[in-house]
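Comments concern the structure below.
The values are calculated or read from the model by the stated rules, or taken from the named source; none is laboratory data. In this text, all values refer to a predicted model and were calculated from it rather than measured experimentally. Surface areas here come from the heavy atoms of the whole protein model, side chains and all, with no ligands, DNA or RNA. Shrake-Rupley method; radii C 1.70, N 1.55, O 1.52, S 1.80 Å.
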Amino acid sequence: TWSISPFKHTAFSLIVAGLLSMQASLCAGKKSTQAQPGESHDAGYFPLQLSSSWRYLVKHRLGPKFTSTTTVQGRQTARDGSEEYLVETVSPLDTIRELYAKAKDGSITLLSREYLKSQSLSRNLHPPKLIMKAHPKPGDKWNWSSKSPLTGDIKEEVQVAGTEEVKVPAGTFKCLRLVTQRDMGTIVFLREEWYARSVGRVKTVNTAGPDTFISVLEKYSRANK
């Protein structure tokens, strides 16, 4: 069983986690969202095939650009029958390991997040956080709330805002646009994410006050397992 120690969440960790967190796999730069040869038709918007990888270019208004690379490194079956996936993201900021659960209906939940450099930011999520509903559609909404030993109550609302065509270095994709507002009392974060079916997350914009981080998909490859 994979697990990590509980941790204290800081405001900075929320920005970094939004930038570097998991999502997406592959079949390079196609406008069509139809399945490619050897690709599952039910891969959804958050594919988690073992050994898949994707690379993002991250930009900040004040700092230099950098890349982050994410790979699906492990898979196991939980007692409740769901599939759990261990995902690692490596960037100049940190190495982050996340544990996701994929339910039988296809919904994706984040169970834990571990920072290898900044261990104090690592945590098991209580309750687990829904990342993607099964069969999401425009107008869908869901909420998540938790407590942080450092900042107190955290409240998050996610809305599927619609569909858009998005162009990134990896190609042009028809995407679902998700908008997340996270309220930590004195701090409010806004995150916009664009997901393509069978590809995953292709773009993210994180905003916290005057600070904005933009992450775009550069390259991806999915192992059809």
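Computed values, structure above
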| quantity | calculated |
| --- | --- |
| Rounded accessible area of Thr109 (nearest 10 Å², 1.4 Å probe) | 30 Å² |
| When each of Lys155/Lys203; Lys137/Lys167; Lys117/Lys137 is checked by Cα-Cα distance, pairs over 30 Å | Lys117/Lys137 |
| Asp80 accessible area, 1.4 Å probe, all protein chains in place, Å² to nearest 10 | 110 Å² |
| Probe 1.4 Å, protein heavy atoms only - accessible area per residue of the stretch 47-116 in square angstrom | 45 Å² |
| Solvent-accessible ranking of Glu98, Glu114, largest area first, probe 1.4 Å | Glu114, Glu98 |
| His60 accessible area, 1.4 Å probe, all protein chains in place, Å² to nearest 10 | 40 Å² |
